[in-house]
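Nothing in this text is a laboratory measurement; each read-out follows from the coordinates by a stated rule. All values derive from a computational prediction rather than experimental measurement. All Cβ positions, glycine included, derive from the backbone under ideal geometry; neighbour counts span all protein chains shown.
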Amino acid sequence: MIAGRPARVVAIGECMVELTHRTDRTLALGFAGDTFNTAVYLARSTLAEEASVDYVTAVGDDWYSDALVAAVAAEGIGTKLVERIPGHTPGLYLVRTDGSGERSFTYHRSDSPARRLFDVEWPERVDQAIADSDLVYLSAITLQILSPTARERLWATLAAARARGARVAFDSNYRPTGWPDRAAARAAVRRTLKLADVYLPTLGDEQALFDDHDGKACAARLAAMGIAEIVIKTGPDGCLVVTGDQLSTMPAKRDVDVVDTTAAGDSFNAGYLAARLQGAPPREAAVAGHTLAALVVGRPGAIMPAQVLPRRPGAEPVKPAHRRVAAGRDLPDSSMRDTARQTTGPEPTAAHTARRSARSAAGEGGAV
Ligand SMILES: Nc1ncnc2c1ncn2[C@@H]1O[C@H](COP(=O)(O)OP(=O)(O)OP(=O)(O)O)[C@@H](O)[C@H]1O
Ligand SMILES: [Mg+2]
């Protein structure tokens, strides 16, 4: 909530079609992508009165694009900033788990429509909407898919947003294969950090990118850049919260039965930012991030089933494109089934429950 109205949040990036092997020959359809995952968990962790969440991306005009947009809308995430590029189909990745439980990801996204974000034909109205928001969220994966000129345009838009009072939250999510070389990634991340108010990297990514010796060295380097709020995630150890000259170690949830760490950091970021939007100070927000991430790592896949972590009340009803599959011959996938069964009831979400217990753990009281 900002000045008595819902905060306007926009997340920018690529959501892909996700095909997960159930068996060698059977695949389940879902939708995921780092900034999209964060948008989903942000929407699930806040109420419409607290924040609107819009996703900025580009898709094509095929059935998969329709289904992707329907999946975004089904989360209560705004789709008015999703651009359609005729003749295209969304990026796609396959998830395969081998006999020893090791997951591998195969990407088909080199010509995905999201790569046209902020390019010459990109509509000015999206830049305007970003500049008019209160919180902009992006990652270095958002940057890596853009052309150099598009990246310049995005940076100019972030600067315009900040000039109007928006805060910019950023996660490096450094994936070396997405960059021509490390120097290019370093330059793009450094440039974005000059525009970032909240930086939410993972220590391993920062070490791979900037050779930090340890968390403290990483914190010192980032603090010297003048970033107001820094949270360095450290996997099962938790995170380091750096504000001003204060550094706090915030341990992760203990005794978590970890099933799949996909989207651990994405969901942490959402829990953290949701709590900050709701007025929690950084350390308390970190506890909320850990609480949400602990739920997410306890389940397979990036997006938790809505039965476990409900969508925000009032999310958009299922679109026909979805219903066609859900009512069709086979129901291959839990996330599609979730969409088909989506409820719009007013009950508080599990994320809210998680947040309340997080606050109680942080000593604030008032937990239900
Ligand atoms: N084994 C674990 N036990 C409990 N919590 C965990 C564990 N692993 C991760 N987490 C939670 O997830 C958060 C983020 O983890 P991590 O630093 O691994 O993110 P990441 O590498 O950025 O993930 P992503 O794959 O989304 O990029 C941690 O701060 C913690 O709250
Ligand atoms: Mg990450």
Listed residues Pro281, Val258, Ala223: farthest to the positive end of the dipole of the chain (Cβ charges): Pro281
Lys and Arg at +1, Asp and Glu at -1: neighbours of Phe268 with Cβ under 10 Å from its Cβ sum to -1
Karplus (6.51, -1.76, 1.60) ³J(HN,Hα), θ = phi - 60°, over the stretch 151-168, in Hz, Gly and Pro reported as x: 4, 4, 5, 4, 4, 5, 5, 4, 5, 5, 4, 5, 4, 9, x, 6, 9, 10
Net dipole in debye of the chain [+1 Lys, Arg Cβ; -1 Asp, Glu Cβ; about Cα centre; nearest 20]: 380 debye
Note to self: C-alpha centroids of the stretch 139-178 and the stretch 199-237 sit apart, in Å, by 18 Å
Within 10 Å of each candidate Cβ there may be at most 14 other Cβ atoms; applying that plus a DSSP loop requirement, which trypsin sites (Lys or Arg not before Pro) in the stretch 172-207 survive? Lys194
DSSP loop trypsin sites (Lys or Arg not before Pro) in the stretch 1-46 with at most 15 other Cβ atoms within 10 Å of their Cβ, which ones? Arg22, Arg25
Restricting things to Cα coordinates, could you compute the convex hull volume per residue of the stretch 7-360 in Å³? 133 Å³
When a footprinting reagent is the concern and you count Cβ atoms within 10 Å, what order do Phe210, Phe268 take, fewest first? Phe210, Phe268
Show that you can apply the helix-only estimate: for the chain, add -39,500 (n - 2.57) for every DSSP H stretch of four or more residues, divide by all residues, and state [θ] at 222 nm to the nearest 500. -11500 deg cm²/dmol
Across the stretch 1-148, how large is the tail of the calculated P(r) beyond 25 Å, expressed as a percent of all Cα pairs? 30 percent
So what are the ³J(HN,Hα) numbers for the stretch 248-265, from phi and the Karplus equation (6.51, -1.76, 1.60; θ = phi - 60°), rounded to whole Hz, Gly and Pro as x? 10, 8, 10, x, 6, 5, 8, 6, 8, 7, 7, 9, 6, 8, 4, 6, 4, x
When only Cα pairs under 8 Å and 6 or more residues apart are kept, what is the percent relative contact order across the chain? 17 percent
Between the stretch 258-320 and the stretch 24-80, what's the alpha-carbon centroid distance in Å? 14 Å
Which ³J(HN,Hα) values in Hz, rounded to whole numbers, follow from the phi angles of the stretch 98-103 under the Karplus curve 6.51 cos²θ - 1.76 cosθ + 1.60, where θ = phi - 60° and Gly and Pro get x? 7, x, 8, x, 6, 8
Ranked by Cβ crowding within 10 angstrom, fewest neighbours first, how are His213, His290 ordered? His213, His290
Go through the stretch 108-168 and name the trypsin sites (Lys or Arg not before Pro) that are in a DSSP coil and have 13 or fewer other Cβ atoms within 10 Å of their Cβ. Arg164
How many percent of DSSP beta bridges within the chain run antiparallel, rounded to 5? 45 percent
Counting only residues 5 or more places away or on other chains, whose amide H sits under 5 Å from the amide H of Leu27 once H atoms are built in the peptide plane? Arg22
For Ile230, Ile85, which order do you get if you count the other beta carbons within 10 Å of each Cβ and list the fewest first? Ile85, Ile230
If amide hydrogens are placed 1.01 Å from N in the peptide plane, which non-local residues have theirs closer than 5 Å to the one on Val56? Ala11, Ile12, Gly13
